[in-house]
Amino acid sequence: MAGLAALSLPLWLSLDGLSLGGHIALGIFLMAAIFWMAEPIPIYATSLLVITLQVLLLSSQGIVVTFSDPPTVAPEAVDSEVWVIPESAYSSATEQVYLLESNGSFRGLSVEVVERGNAGVLVRPFTIPPDTELLADAGHWRRGIEPVSYTVFLGTLSNPIIILFLGGFLLAAAAVRYELERNLTRIFLKPFGNAPSNILLGMMLVTAVLSAFMSNTATTAMMMTVVLPLIRQLPDGDRFRIGLALCIPVAANIGGIITPIGTPPNAIVIAALAEQGYSIPFGIWMLLTTPLVLVLMAIVWFTLMRLFPCKQAQVELELSGNFQRSPKAIALYLIFGTTVILWVTEAWHGLSSSLVALLPIAGLTACQVVEKQEIRSLPWEVLWLVAGGIALGISMRDTGLAMWLISGVPWGALGVLGLLIVFCLVAVTFSNFLSNTVTATLVIPLAIGLSVGGVLPDTQTLFTVALMIAVSCSLGMALPISTPPNAIAYSTGLLRTVDLAKVGIFTAVVGILLAMASALLLWPLILPSITG
Amino acid sequence: MKNELAILCIEDEPDVLDALVRDLAAFEDYFLVETASDVNEAEGVLDRLRASNTAVGLIFCDHILPGKNGVDFLVELHKNPDTRLTRKVLFTGQAGLEATVTAVNRAGLHYYIAKPWNPEEVVACAREQLTRYVIQAGLNPLPYMKILDTDQLSAAIARRDFLTDR
């Protein structure tokens, strides 16, 4: 109900300094925010609703623009330079007249008034193309909407970052089909031996690396099947059981930070930067985030060992299996390896990671490594969720809503450091209760607004804030409901909410501090290479 | 999530039924355990469950019952789309070869428990069969992770996208 009321906002509320299009965008934004928080419908359905509403209400082809017929008038030529227009078509406030464009929007044209008379205003334009129609009423409400083509909104469904994720999804689906993730886990875990502390470290590292390339949720579920047999070897009262069950979701949550495809909030942030014309190469993203994730993992590992010590000197880790050697499996290994190498080395060869993602998309389907069944079971709703988030960001920026939202608060007074802290805390708090992707979607437009509004002094600061938001969105993990990995670990009954909360909050706090340290010390060394 | 799935036990001897339900006590926190003493009563229970949108995950059914016998009832359930996925256990001491063959071939029988039974076998059987039901019916496995086979449910989550990043 509240969501629908919010959507109707342009009908009953008029806010200073916000265009009609901005009001519509605000209505859609508030409705989406309410639906995403209260979840009367699934979050991906809200995303699709956002895109649909934008097409209907804000696009040139939508109902609002198509079925509203603003009065137009054709200017009469007095001579080659001077034209007569009705008094009402001239806006004295802006000293402009408004030309009807083919897409339904109106372009303002500054004119010079030569004479005002009974016939109307004589103006001297610089140019008026033939057959031009002017808005007859310069104050008409339709001027408040600057429609864009509906392809802008529909295009979010195939935004380059969506294609990048699709490539990642296909790789993951193929890996699961040919048990590549399982076999890699086996190989990676072998060198860690049988000492409990080493095993815990091994589990965390493997989980983080896998979740950097696969979904955090699928990684957690797979790793639970590895860790459960270990847990069963331990006596009931051994606290190490809790440590083992906890290390998987925590490592999966923070492992997603490592790469652009690690987790959907990264996609939202990268897409928002791309809309501003900035890109972060895959390898550079990893360079920026991996150090802080590694240090965070080390600290969490140490803490888990202290909190949940093992009473046994050794734990038997038994993993059997063999790499499959069928031609299709080998095709998968080749495509997987090539793709990852090309992704990581993007900064050197310059092929964007989204283009590289076409390699697994085309390659895996051409070699029939993934077939209809895998394609049908891809998590499409994640892509839709992200697309809706990107679309929302676009209309918030284009209608001036993002700028308007930030204009009331003296952000500049906070200073860059203060801004970073505020964004971090907001993102971490929200992501504990909301979907991480939704959190990123709601927070990133503000950062973009601040950048466009000139509050963020330069591009490098925008990157820093954006990265900080991405990292923070992955750090909300204090509750079983915070992330699906948490929900999986909690559902086993091996840990109590308080264990999760303790470790989750600790991880988030240390994570934020490390991200801050990176923002101040490490990122300034790397970012200039991409911001120029 | 409690009581979203039901276990139905059909047995005409009250003492035997009580013993079976007692053996299933561990499942009562997670599943609705329903009983019936003959096929008629069982159909009433199924109607009631259907009305409250509760699916039947597992049926323990005796063969020799007053009125319609157990195997014929299981064959009917197998034909009915509502109960096709339901895991069916024949729980009997007196089903002859012919009835048992019918149960396997035409009722899609999943398990056979001979009376007198071993309580541990009943628990293991219920765990295994319900795990398969949850996976095959595509239910969210999380509410059942604690009571059912956690390994199999985890593997199913990893394999089949019941849950995704969000």
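Nothing in this text is a laboratory measurement; each read-out follows from the coordinates by a stated rule. These figures come from a predicted structure and were not determined experimentally. Virtual Cβ from ideal backbone geometry, glycine too; neighbours counted across all protein chains shown.
Just rank A:Ser395, A:Ser320, A:Ser158, A:Ser354, fewest to most, by other beta-carbon atoms within 10 angstrom.
Ranked by crowding around the Cβ, least crowded first: A:Ser320, A:Ser158, A:Ser354, A:Ser395.
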Open item on the list: Within a 10 angstrom radius of the beta carbon, how do B:Asp23, A:Asp236 rank from fewest other beta carbons to most?
Closed with: A:Asp236, B:Asp23
Open item on the list: Semi-axes of the equivalent ellipsoid for the range A:341-462, please: Cα gyration tensor eigenvalues, times 5, square-rooted, ordered largest first, whole Å.
Closed with: 35, 19, 14
TODO: Step through the table entries A:Lys190/A:Lys311; A:Lys328/B:Lys88; A:Lys372/B:Lys88, compare each Cα-Cα distance with 29 Å, and write down the pairs that go over it.
DONE: A:Lys328/B:Lys88; A:Lys372/B:Lys88
- [ ] In whole Hz, with x marking every Gly and Pro, tabulate ³J(HN,Hα) for the range B:56-73 from phi via Karplus 6.51 cos²θ - 1.76 cosθ + 1.60, θ = phi - 60°.
- [x] 9, x, 8, 10, 9, 10, 6, 8, 7, 10, x, x, 4, 7, x, 5, 4, 5
Open item on the list: Could you list A:Thr507, A:Thr441, A:Thr303 so that the one with the fewest beta carbons within 10 Å of its beta carbon is first and the one with the most is last?
Closed with: A:Thr303, A:Thr507, A:Thr441
Open item on the list: Just want to confirm a number: the relative contact order over the range B:73-166, from Cα pairs under 8 angstrom separated by 6+ residues, in percent.
Closed with: 24
TODO: Return the sequence-ordered ³J(HN,Hα) values of the range B:25-41 in whole Hz as given by the Karplus equation 6.51 cos²θ - 1.76 cosθ + 1.60 applied to θ = phi - 60°, using x for Gly and Pro.
DONE: 3, 4, 8, 5, 6, 10, 10, 7, 9, 10, 10, 8, 9, 8, 5, 4, 5
Open item on the list: For a quick check, take a GNM of chain B with Cα springs below 10 Å and name the residue from B:Glu121, B:Glu11, B:Glu28 with the largest mean-square fluctuation.
Closed with: B:Glu121
Task: At q = 0.05, 0.07, 0.12 Å⁻¹, base-10 log of I(q)/I(0) for the protein assembly as shown (Debye sum, equal scatterers on each alpha carbon) - done: -0.33, -0.60, -1.27
- [ ] Among B:Thr100, B:Ala25, B:Leu77, flag the residue with its Cα farthest along the positive direction of the charge dipole of chain B, charges on Cβ as +1 for Lys/Arg and -1 for Asp/Glu.
- [x] B:Leu77
Task: In the range B:35-112, the chymotrypsin sites (Phe, Trp or Tyr not before Pro) that fall in loop regions by DSSP, at most 10 other Cβ within 10 Å - done: none
Task: For chain A, calculated [θ]222 nm from helices alone, where every DSSP H run of n ≥ 4 adds -39500 (n - 2.57) - done: -19000 deg cm²/dmol
Task: With eigenvalues of the C-alpha gyration tensor scaled by 5 and rooted, the range A:387-532, Å - done: 29, 18, 13
- [ ] For the range B:5-157, state what percent of all Cα-Cα pairs lands in each successive 10 Å bin, counting from 0 Å until the bin that includes the largest distance.
- [x] 11, 44, 36, 8, 0
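If you average the sequence gap of Cα pairs under 8 Å that are 6 or more apart and divide by the length of the range B:1-92, what percent do you get for the contact order? Kindly include the intermediate steps, with their values, before the conclusion.
Working: 149 pairs, mean separation 29.4, N = 92.
Across the range B:1-92, relative contact order equals 32 percent.
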TODO: For A:Glu76, enumerate residues with amide H under 5 Å from its amide H, sequence gap 5+ or separate chain, H modeled in the peptide plane.
DONE: A:Val84
Task: Per-residue ³J(HN,Hα) for the range A:367-375, Karplus 6.51 cos²θ - 1.76 cosθ + 1.60, θ = phi - 60°, Hz, x for Gly and Pro - done: 7, 6, 5, 10, 10, 3, 4, 5, 4
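For chain A, what is the relative contact order in percent, using Cα pairs closer than 8 Å and at least 6 residues apart in sequence?
17
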